[in-house]
Amino acid sequence: MHEEQPSPAAPARPAWRRLLPVLALVAAAWFGVGWLTRAEHRPARVEGQVPPLQMTAFDGSPIDLGALRGQGVVVNFWASWCAPCRVEAELFEAAWRAERDRGIVFVGVNRQDTTAAAQAFIDEFDVSYPNGADSEGTWGRTFGVAGLPTTFFIDPQGEIQAVVWGPIITAGELTRQLDKIRPAAR
């Protein structure tokens with residue numbers, strides 16, 4: 001009678017070789033996220049003309065994007081709990097004060113926040129440009145905002161000229177974006 005001999009087991013691979021596919025996947029994800037988070041690689045979710053959106057500012061005044069045609073408009077999406085939003089708050093306020101008589105308007109759009117927390121943020125940073133709550137998420141959905149802060153730069157014709165996903169932390173960077181939307185000298 002013929003007995004079957006068990007076939008020799010394949011030699012065990014070293015642990016590092018078994019982890020190689022997992023490490024490759026982690027590395028690909030890491031580099032992919034890094035590439036996508038760089039501003040120049042993120043697709044603008046809104047292109048062309050700005051939709052005619054309206055909201056009420058925290059002070060009760062109306063904010064109407066359509067009425068701002070003829071001016072450069074900076075629309076900044078923020079929240080009080082957003083650490084990068086806090087970093088850029090003073091820079092935006094200083095730029096607003098310097099640019100408001102030169103045809104540049106800043107509009108703050110607060111998201112995912114309570115009114116009390118948003119007002120405390122506005123008071124803390126002495127923000128004087130118009131700010132309102134996107135309580136129903138209409139502005140965020142229309143602009144395609146996925147994270148905070150996100151800032152749109154809109155020219156006097158109502159065309160989006162630039163989108164910055166993430167914080168703007170230097171005056172030079174902000175000035176480069178503002179130069180894209182400055183109204184022509186009158």
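Since every read-out is calculated from the coordinates, none of them should be taken as a lab result. Just so we're clear, the structure is a prediction, and the values are computed from it rather than from any experiment. Quick reminder, even Gly has a Cβ in these numbers, built from the backbone with ideal geometry, and neighbours come from all protein chains shown.
Taking square-rooted eigenvalues a ≥ b ≥ c of the alpha carbon gyration tensor, is the range 45-179 rounded, prolate or oblate, where a/c under 1.5 means rounded and, failing that, a/b exceeding b/c means prolate? Rounded.
Within the set of other residues whose C-beta is less than 14 Å from the C-beta of GLN54, count the net charge using Lys and Arg as +1 and Asp and Glu as -1.
Numbers: positive: ARG69; negative: ASP64, ASP134, GLU136.
That sum, taken over residues with Cβ under 14 Å, equals -2.
A simple spin-label model places pseudo-atoms 7 Å from Cα toward Cβ; at LYS180 and ASP126 they are separated by 3.0 nm.
What does the charge count around ALA117 come to, taking other residues whose C-beta lies under 15 Å from its C-beta (Lys +1, Arg +1, Asp -1, Glu -1)?
-2
Ordered by the count of other Cβ atoms within 10 Å of each Cβ, fewest first, GLU93, GLU124 give GLU124, GLU93.
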